[in-house]
Amino acid sequence: MPSPRYFLRHFVPFTGYPYTGAPAACNLCGCAESVVVAESDRRLKVLRSIACTQCGLIRTDPMPTPDELAAYYATAYRADYQLAFAGGPPPHHVKRSGREAAFRADLLGPKLVPGARLLDFGSGSGEFLAAARAKGCDVVGVEPGRDYAAFARKTYGVEVLDDADDATFAPGSFDVISTHHVLEHLRDPAEVMERLARWLKPDGRLYAAVPNMAATGKPPHERFHFAHVHGYVRETFDLLARRAGLVPDEAYWREDTTVVYRKTDAPVGALAVPGLAQRLAEDLRPMAPGAYLASGAWIWPMVRRNAKAVRDTFR
């Protein structure tokens, strides 16, 4: 168990995170060149984020090692990210997840038919699995967070695995695969997207969603977080899918980085978006943490997050 000092260092502003990390090339295109986008995150902590000069994919620099990320998720992530300090998901998370699950089930309605086989990769507390099963689907989840996986099994009676690889599922196993706000947390999202594409049937659909780094109405500080080791905009998210042999299905609604993809046999082409990195560096660079704190601009986002958590808990 890490010391209290380790835990506190994830929350004290103007300090770095307790990790060393290592430099890494772009996970999407392999380019090693980059531009700096930000030097701090939404906790006003020191965190360097860079964008690949070839494709524009944003990543943490240096990249946390697998062991460092595992330590963070085991000790600080749930408290930092979801106000869950012990055990399973808090009520506000379950209610919020339930609303999102209903939206996702409605969006994917044409594919969620009785007998369809569905995988939710990063199934959390299980609300989407329950919603898809209610439509007659045969569902399975993958969720490494043991408390949340246990909650899903106990509350909804769904099957949830701790992990999965190509030995777990054969190619073409699923009619629908869903991964909601997972790929931003992964050190190797390109490999995971390719794996999900392999598990998808030729006529299957993949729902994928990540936070949109270019979303408007949000201060730059709000876009960066230690848990998000990769950051996407519309162009880079579609490139990640394109590398895996997937393209957006225009028959489904999308909102930038919330997309339903289908398979394609078309050649991949160049994994590049000229000029995107420089544009992101200009548009997303936050003001200095001290100036941000003095401005008071952080007060409203904090109030909004806390009010939303309270509202979701009691309504």
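The values are calculated or read from the model by the stated rules, or taken from the named source; none is laboratory data. Small disclaimer: the values here were computed from a predicted structure and weren't measured. Note that each Cβ is placed from the backbone with ideal geometry, even for glycine, and that neighbours are counted across all protein chains shown. Surface accessibility is based on the protein's heavy atoms, side chains included, excluding ligands, DNA and RNA. Shrake-Rupley method; radii C 1.70, N 1.55, O 1.52, S 1.80 Å.
Please compute the per residue accessible area over the chain with all protein chains in place, 1.4 Å probe, rounded to a whole number of Å². Walk me through the numbers before you get to the answer.
Details: 14160 Å² over 315 residues.
It amounts to 45 Å² per residue over the chain.
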In whole percent, how big is the carbon plus sulfur part of the accessible area of the chain, probe 1.4 Å, protein atoms only? 57
Rounded to the nearest 10 Å², the 1.4 Å probe accessible area of T258 is 30
Would you check the accessible area of D67, probe 1.4 Å, heavy atoms only, in square angstrom rounded to 10? 120
How many lysine pairs in the chain, separated by 8 or more positions in sequence or lying on different chains, have Cα atoms less than 28 Å apart? 17
So what's the back-of-envelope 222 nm ellipticity for the chain, counting only DSSP H runs of four-plus at -39500 (n - 2.57) apiece and dividing by all residues, rounded to 500? -10000 deg cm²/dmol
Sorting P90, C29, P286 by the position of each Cα along the dipole of the chain (Lys, Arg +1; Asp, Glu -1; all at Cβ), the one nearest the positive end of that ordering is P90
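Cβ under 9 Å from V142's Cβ, V142 left aside: what net charge do those residues give with Lys, Arg +1 and Asp, Glu -1?
Summing Lys and Arg as +1 and Asp and Glu as -1 gives -4.
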Give a residue-ordered list of calculated ³J(HN,Hα) values for region 44-55 (Karplus: 6.51 cos²θ - 1.76 cosθ + 1.60, θ = phi - 60°; whole Hz; x for Gly, Pro). 6, 9, 6, 7, 8, 10, 10, 10, 5, 5, 8, 10
Rounding to the nearest 20 debye, state how big the charge dipole of the chain is about its Cα centre with +1 on each Lys and Arg Cβ and -1 on each Asp and Glu Cβ. 1020
Rg and Dmax of region 145-289, Cα atoms, in Å? 16.8, 49
So, taking all protein chains as they sit and a 1.4 Å probe, how much accessible area belongs to T264, in Å² rounded to tens? 40
Count charges around R117 for me, please; just the other residues with Cβ under 11 Å from its Cβ, Lys/Arg as +1, Asp/Glu as -1. 0
